[in-house]
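Colleague: Before we start, here is the structure in question, set down as structure tokens.
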Amino acid sequence: MRIAFARAGNSPIAACVRSGGISLIGSLVRKGSLVLFSGEIEGSLRLTCDRCAEEYEHRLNEPVELLISDGIFDTQGEEEQPLAVVEMSDGMIDMEAILASEVQSIICDYHRCKKCSAI
């Protein structure tokens, strides 16, 4: 799902994308020069426990809030400087790329299965 930055205004636009059993569902609304995505990531993901190396199913049901910039984000002129901004190019918000990035961030994190979490 690709949405033009020009479509983002003061009224929320629904955004939903699914891939590999994981969904990113929420809305987009303009916040100054940025667009705010507010929603949830849901589904399940096969992960490997970093302690015992066993694979396990990890359920996702987490809130997601992202600021999105059309091109390189310049912090000059911004009263509040956000910690993280997703930079998109070509005037489009690529929801598939955002979902893939969020999933990759989850995979790269440290994980423990239920058995190892109890230790």
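Since every read-out is calculated from the coordinates, none of them should be taken as a lab result. These numbers were taken from a predicted model, which means no experiment stands behind them. Because the Cβ atoms are built from the backbone with ideal geometry, glycine has one as well, and the counts that use them run over all protein chains shown.
Colleague: Explain nothing, just compute: Karplus ³J(HN,Hα) = 6.51 cos²θ - 1.76 cosθ + 1.60, θ = phi - 60°, for every residue of segment 58-67 in order, whole Hz, x for Gly and Pro.
Modeller: 10, 7, 10, 7, 10, x, 9, 10, 9, 9
Colleague: Continuing with the same structure: Give me the one-decimal nm value for the distance between modelled label points at residue 65 and residue 51, 7 Å along each residue's Cα-to-Cβ direction.
Modeller: 3.1 nm
Colleague: A follow-up question, please. Relative to the longest principal Cα axis of the chain, at what angle does helix 95-108 sit, 0 to 90 degrees, rounded to 10?
Modeller: 40 degrees
Colleague: Related question: Could you size up the charge dipole of the chain around its Cα centre, putting +1 on the beta carbon of Lys and Arg and -1 on that of Asp and Glu, and report it in debye to the nearest 20? Working shown, then result.
Modeller: Details: 11 positive and 19 negative charges, 101 e Å.
Here the size comes out at about 480 debye.
Colleague: Now for a separate question. What trypsin sites (Lys or Arg not before Pro) does segment 1-72 have in DSSP loop regions with at most 15 other beta carbons within 10 Å?
Modeller: 51
Colleague: Related question: Of 13, 53, 73, which is farthest towards the positive pole of the chain's charge dipole, taken about the Cα centre with +1 and -1 on the beta-carbons of Lys, Arg and Asp, Glu respectively?
Modeller: Sorting the options by dipole projection puts first 53.
Colleague: If you don't mind, another one. What value in Å³ per residue do you get for the convex hull of the alpha-carbon atoms in the chain?
Modeller: For the chain, the hull spanned by Cα atoms encloses 119 Å³ per residue.
Colleague: For 55, 102, what's the fewest-to-most ordering of other Cβ within 10 Å of each Cβ?
Modeller: Details: 55 10, 102 18.
Going from least to most buried by this count: 55, 102.
Colleague: Further question on the same structure: Give the peptides 112-118, 89-95, 21-27 in descending order of average Cβ contacts within 10 Å, highest first. Intermediate values should be presented prior to the final figure.
Modeller: Details: 112-118: 12.3, 89-95: 15.4, 21-27: 17.9.
By packing density, highest mean first, the sequence is 21-27, 89-95, 112-118.
Colleague: Sorting check: for 33-41, 66-74, which peptide has the highest mean count of neighbouring beta carbons within 10 Å, and how do the rest follow?
Modeller: Details: 33-41: 18.1, 66-74: 15.8.
With the highest mean Cβ count within 10 Å placed first, the list reads 33-41, 66-74.
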